Each structure stands twice: as C-alpha cells, then as structure tokens.
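Reading through the structure tokens given below for one structure.
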Amino acid sequence: MMAKPSVHVSALHYAYPDGNKALNGVDLTITKGERVALLGPNGAGKTTLVMHLNGILSPTSGSIDIGEFALDEKNKEVTKKVRERVGIVFQDPDDQLFMPTVYEDVAFGPTNMGLAREEIERRSTRALEMVGMVELRDRAPHHLSFGQRRRVAVATVLAMEPEILILDEPSSNLDPASRRELSEILLSLDVTILMVTHDLPYAFELCQRSLILNQGEIVADDLTVNILRNQRLLTANRLELPHGFSF
Amino acid sequence: MHTESHAHTHGHSVGERLYIHRHSFVHELPGHIKLVAFFVFIIIAVLTPIQQWQSFVGYFLIISVALALSKLPMLTLAKRATIEFPFIIFALLMPFTAGGEMFDIGPVSLSREGSIAGLNLITKATLGVFCSMILAGSTTTHSLLAGFVRIKTPSLFVQIAAFMIRYLNVINDQMARMKVARESRGFQAQGIRSWPIFTSTLGALFIRSYERGERVHLAMLARGYAGTLSSLSVENVRPKHWRAGLTFPFLAALSFLLGRVLFS
C-alpha cells in the first residue's frame with residue numbers, strides 16, 4: 001500500500017443553510033505531488049468543494065481526509081493542522097491581502113502557526129523570493145498591480161509551506177505575461193496542486209489530470225488531454241476551448 | 001493620491017494620504033512614543049483653565065518648536081488647518097449667543113462667559129489641530145498602527161483601524177467604478193430626482209462590502225487566524241527616543257505649573 005493520499009473525499013454532500021444543495025456525493029482522491037485541475041461551469045460547486053478541503057465549510061454528510069487527518073468540525077486541533085497543510089489562494093487577492101504591508105501579510109500565516117521569529121522571517125522571505133516580490137515587501141497591497149497582488153496572495157500561502165496548494169481561478173484577470181509567470185512559479189513548486197479554473201489551456205499546461213464538477217457531482221475524472229479531446233463532454237458542461245483550438 | 005510630492009520618499013509615502021516624508025527627528029520617533037507624547041500633551045492642555053493664559057503661551061511655544069523640528073512644509077499644514085474653520089465660526093458666535101454678565105465693546109455688547117468659552121474653544125482646538133497635523137504628517141499609517149499595538153490598545157480596535165485603512169481604498173475604487181459605470185449608461189446627477197440612484201448605489205456598496213468582509217474573514221481563517229494580527233511588525237526603540245518624546249509633555253507640564261504659579 002502506498003502512502004496516504006493527499007486528499008481523500010468520500011460521498012461528500014453539502015447543502016447551504018437555505019437548503020440549496022451544492023454538493024451531491026463527491027468522491028475524489030488526489031495523491032501526493034499530483035497536479036489536478038477542477039473544471040466546471042459557474043455555480044457547479046467548485047468553490048464550495050474547495051472550502052471543504054480545509055474545514056471552512058463542514059459537510060452535511062460524507063468524509064474528508066487530508067493525509068492522515070480526518071476533518072471533523074468539532075476537532076479544532078485537527079482543523080488547525082489541516083489549515084497548515086492545505087493552502088488556499090482565493091480568487092480575489094483583495095480578499096486575501098488585508099495587512100498594511102506585503103511582508104506582514106506573508107508573515108500572517110506563519111505567525112498564526114506559532115513559529116519562532118527567525119523561522120517566520122525565513123519562510124516569508126523565501127515565499128516572496130519564489131514569487132519574485134522581495135523588493136516590494138514594504139509596499140501596501142493597494143499599490144500593487146493586480147498581477148503583483150495575485151503573486152503576493154500565492155506567497156502568503158507558500159509561506160505556510162503547505163503540502164497541498166489550492167488555487168481558485170489563478171489565471172483570471174491576469175495579462176498573458178503574468179499568467180505565464182504564475183504558471184512558471186507553480187510548476188517550480190514541489191507540492192500537490194488543485195486548481196479551479198475555466199482556463200482550459202492553463203489546465204492543460206499545468207495539470208496532467210482534470211476533474212469536471214457539475215451540479216455538485218464529479219462527472220469526469222481523466223487525463224486533461226482526454227477531457228479536452230472529448231468535445232461532447234465539454235459542451236455538456238459548458239466548457240469551451242478558445243476559438244480555433246483543438247486537441 | 002498623495003498630493004504632496006517630494007523629490008524622494010524611499011517608498012515610505014506610497015499610499016499615504018497625510019504623511020509627508022522628511023528626514024527629521026520627529027519623523028524618526030517610533031509611532032507609540034509620539035502617540036503617548038501628544039496624548040499627554042493634549043490632556044494637560046485641555047485640563048488647563050483658559051484664565052491661566054500664561055500656560056497657553058508655553059504650550060504654543062512648545063508646539064512651535066515641535067513643528068519646526070518636524071520640518072513639515074508650512075503651506076501644506078496651513079491648508080490642512082482649515083479643518084478648524086467650522087469650530088472657529090462656532091466659537092465666534094458664542095459671545096453673542098451666551099447669556100450672563102455682559103460687557104460692551106463699542107456698539108456691540110458681548111457675554112463675558114460666552115467670550116471666555118469661545119476663547120477656550122479656539123485655543124484648545126488650535127492646539128489639538130497642531131498636534132494632530134504634526135502627528136499625521138510625520139507618522140506613516142503603518143507606524144501609527146504599530147504604535148497602537150505597542151501601547152497595548154485592545155487588539156480589536158487596532159484590527160478595525162487596520163482593516164479600515166486597507167479597505168477604504170478598495171471601497172473607494174469600487175465606488176469610483178460604479179460611478180463610471182453609471183455615467184457610461186447616460187446617468188447625470190440632477191437634483192433631488194437622482195437621489196434614489198445614489199441611495200441604491202450606496203446600498204449595493206454596503207452589500208458588497210459586507211460580502212467582502214465575509215470573504216476576507218474566510219481567507220483569514222484559512223491561514224489560521226485566531227483573533228490577533230500578530231504579524232504586524234513593531235519598531236525598534238532606543239532610550240533616546242523615549243527621552244526625546246517625553247520631553248514634549250514634560251515641558252507642557254512645566255508650563256502648566258509655571259502658569260499656575262503666575263496665575264495665583
């Protein structure tokens with residue numbers, strides 16, 4: 001038997017408090033070091049699924065295991081451990097960056113982990129180096145370009161040295177060069193990646209495997225190239241390659 | 001964004017609205033020392049009865065020295081000081097409106113109590129405005145926040161202030177974008193009939209800000225937030241900073257005592 005998978009989700013159901021069912025029995029396993037794209041139309045439940053993976057939302061029924069930890073909303077200690085292990089980069093960097101300076105924001109996660117000062121300093125600086133933002137460490141987030149803010153948002157999560165990195169629409173609103181720079185950063189990391197995206201070429205570039213989530217269910221789980229070749233599957237899930245592209 | 005352009009800022013004044021970058025001893029002082037010094041100074045000044053006018057001469061001398069030391073541009077400060085005008089107008093009305101014992105200057109008759117109260121208001125408000133102008137002009141918002149943490153202000157207050165500063169800009173931009181979007185569809189503000197549009201814009205802005213608040217909170221939880229912004233950095237303090245900072249309220253206290261002696 002191999003080591004425990006990074007993420008193991010089984011029969012996950014979730015309904016919002018207003019009764020709206022968002023997830024209807026999601027099964028999902030991601031092994032260590034894999035890079036997986038999570039595709040699906042707007043409102044498919046992608047973000048809802050992501051928020052389950054670090055215990056921000058708790059399932060109505062079903063189970064979520066992150067490595068050796070079984071998430072349980074009553075067990076705060078496990079939730080804390082899981083949040084150190086699973087890093088989420090949210091879609092809007094303005095939601096993620098709230099401290100007065102870039103550096104303090106990057107240091108926020110490591111500080112909450114209760115690390116020693118030197119270690120916080122080391123991790124934060126290293127994370128900023130990885131995304132090429134060391135020079136702007138004392139800037140206020142508001143005065144960075146959108147691409148820079150996205151990179152800082154990635155750094156805030158990298159500083160926690162997560163084993164699993166989850167990105168919600170990482171390429172949205174980026175100019176082509178920022179988009180490529182971000183993919184280079186992501187490819188250089190030695191972590192498990194789950195990437196929520198509508199950007200199919202980006203999914204192809206970064207992830208060998210893709211999942212399609214629609215109406216709260218995983219409707220496809222295959223090699224990205226196979227999924228992108230299956231025109232009927234894409235159409236059924238409101239996914240489209242940019243005009244003129246085909247696999 | 002920042003109207004006061006200066007040859008160099010070392011990036012210090014990026015995103016600052018009030019801070020003016022200069023190399024001065026006042027700028028160099030850590031935020032919390034300035035906070036304590038100005039707070040004590042103002043308390044002393046406010047508690048001094050206006051009749052003890054000799055003390056106020058001292059206070060104004062002290063504040064002038066602080067102002068000179070700060071090397072802040074006088075013209076800019078003068079413009080900022082106009083914030084006091086409404087108070088001055090109010091204070092100038094007091095001698096006419098208050099009752100009690102009256103006295104005449106030429107053809108006008110003034111209330112003694114009102115005059116004293118007006119003078120009291122103007123003098124103390126001016127001192128307060130000077131203090132806050134020096135503080136705001138010489139201290140970055142970041143240094144102020146760090147200062148509040150340092151003097152053990154309840155964490156919740158500091159967090160609220162930090163979030164306010166951070167998201168004021170975001171909300172401002174959002175409001176500007178909504179304005180552009182409104183006008184792009186042919187909207188022109190015309191009198192009272194455009195008010196419903198403004199109120200619904202405000203409502204939308206409120207809802208969006210509320211939702212953003214929730215998202216920010218989630219993003220914080222995801223990184224292990226447990227009640228404090230513990231990564232907010234603090235500044236290095238040397239004993240000479242404390243000595244210099246406390247000289248300021250100390251001189252004020254001295255001035256108070258001297259005034260007391262002369263007054264009695």
Open item on the list: Which residue is surrounded by the fewest Cβ atoms within 10 Å (Cβ to Cβ), if the candidates are limited to segment A:200-226 and must be more than 19 Å from A:Ile185 (Cβ to Cβ) and among the polar types (S, T, N, Q)?
Closed with: A:Asn226
Task: Residues that are within 30 Å of A:Met130 (Cα to Cα) and touching a helix residue (DSSP H, G or I) at 6+ places or on another chain (Cβ under 8 Å), drawn from segment A:213-241 - done: A:Thr224, A:Val225
Open item on the list: Looking at segment B:66-80, can you tell me whether even one residue there is in a helix (DSSP H, G or I), at pLDDT below 90 and crowded, with 17+ Cβ neighbours inside 10 Å?
Closed with: no
TODO: Check B:Ser200, B:Ser184, B:Ser209, B:Ser231 and return the single one that is within 11 Å of another protein chain (Cβ to nearest Cβ) and among the hydroxyl-bearing types (Ser, Thr, Tyr).
DONE: B:Ser231
- [ ] Just name the residue that is surrounded by the fewest Cβ atoms within 10 Å (Cβ to Cβ) out of those in segment B:217-248 that are aliphatic (A, V, I, L, M) and without any contact (Cβ under 8 Å) to a residue 40 or more places away in the chain.
- [x] B:Ala226
- [ ] Tell me which residues, restricted to segment B:169-179, are surrounded by 12 or more Cβ atoms within 10 Å (Cβ to Cβ), hydrophobic (A, V, I, L, M, F, W, C) and either on the phi > 0 side of the Ramachandran plot or more than 9 Å from every other protein chain (Cβ to nearest Cβ) (or both).
- [x] B:Ile171, B:Met175, B:Met178
Open item on the list: Looking at A:Pro162 and the list (1) without any contact (Cβ under 8 Å) to a residue 12 or more places away in the chain; (2) within 14 Å of chain B (Cβ to nearest Cβ); (3) not aliphatic (A, V, I, L, M), which single condition is not satisfied?
Closed with: (1)
Task: Criterion: closer than 27 Å to A:Val82 by Cα and touching a His at 6+ places or on another chain (Cβ under 9 Å) - qualifying residue of A:Thr111, A:Thr101 - done: A:Thr101
Open item on the list: Restricting to segment A:70-96, give me the number of residues that are in contact with a Lys or Arg (Cβ under 6 Å, 6 or more places away or on another chain) and either of a type outside the set (D, E, K, R) or in a strand (DSSP E or B) (or both).
Closed with: 1
TODO: Check A:Asp138, A:Asp65 and return the single one that is farther than 26 Å from A:Val196 by Cβ and in contact with a His (Cβ under 9 Å, 6 or more places away or on another chain).
DONE: A:Asp138
Open item on the list: Checking the condition surrounded by fewer than 20 Cβ atoms within 10 Å (Cβ to Cβ) and not hydroxyl-bearing (Ser, Thr, Tyr), which residue from B:Phe56, B:Phe96 passes?
Closed with: B:Phe96
Open item on the list: Go through (1) within 12 Å of another protein chain (Cβ to nearest Cβ); (2) assigned to a helix (DSSP H, G or I) for A:Thr125 and report which single condition fails.
Closed with: (1)
Open item on the list: Can you pull out every residue in segment A:52-65 that is farther than 14 Å from A:Tyr14 by Cα and more than 13 Å from chain B (Cβ to nearest Cβ)?
Closed with: A:Asp65
Task: Top-ranked residue in segment B:189-216 [being exposed (fewer than 12 other Cβ atoms within 10 Å of the Cβ) and charged (D, E, K, R); ranked as farthest from the chain's Cα centre (by Cα)] - done: B:Arg193
Task: Among the residues listed as A:Lys32, A:Lys46, A:Lys4, A:Lys74, the single one being farther than 25 Å from A:Phe204 by Cα and in contact with an Asp or Glu (Cβ under 9 Å, 6 or more places away or on another chain) - done: A:Lys4
Open item on the list: Scan segment B:154-163 and tell me whether some residue there is away from every other protein chain (no Cβ under 14 Å) and of a type outside the set (Phe, Trp, Tyr).
Closed with: yes
Open item on the list: Filter segment A:137-152 down to the residues that are under 21 Å from B:Met164 (Cβ atoms) and touching a residue at least 12 places away in the same chain (Cβ under 8 Å) and list them by number.
Closed with: A:Asp138, A:Arg139, A:Ala140, A:Pro141, A:Leu144, A:Arg149, A:Val152
Task: Answer residue from segment A:108-121, given it is among the aliphatic types (A, V, I, L, M) and either more than 21 Å from A:Gly132 (Cβ to Cβ) or in contact with a Lys or Arg (Cβ under 9 Å, 6 or more places away or on another chain) (or both) and is farthest from the other protein chains (Cβ to nearest Cβ) among those - done: A:Ala116
TODO: Quick one: which helices (runs of 4 or more DSSP H) lie wholly within segment A:144-247 and hold at least 3 residues that are over 24 Å from A:Gly45 (Cα atoms)?
DONE: A:146-158, A:176-187
- [ ] Give the residue that is surrounded by the fewest Cβ atoms within 10 Å (Cβ to Cβ), with candidates limited to residues of segment A:79-107 that are touching a strand residue (DSSP E or B) at 6+ places or on another chain (Cβ under 6 Å) and within 7 Å of another protein chain (Cβ to nearest Cβ).
- [x] A:Phe90
Task: Of the criteria (1) of a type outside the set (A, V, I, L, M, F, W, C); (2) without any contact (Cβ under 8 Å) to a residue 12 or more places away in the chain; (3) within 14 Å of B:Leu218 (Cα to Cα); (4) surrounded by fewer than 16 Cβ atoms within 10 Å (Cβ to Cβ), which one A:Gly19 fails - done: (3)
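The values are calculated or read from the model by the stated rules, or taken from the named source; none is laboratory data. Remember, it's a predicted structure, so these values are computed and weren't measured experimentally. Neighbour counts run over all protein chains shown; Cβ positions are idealised from the backbone, glycine included.
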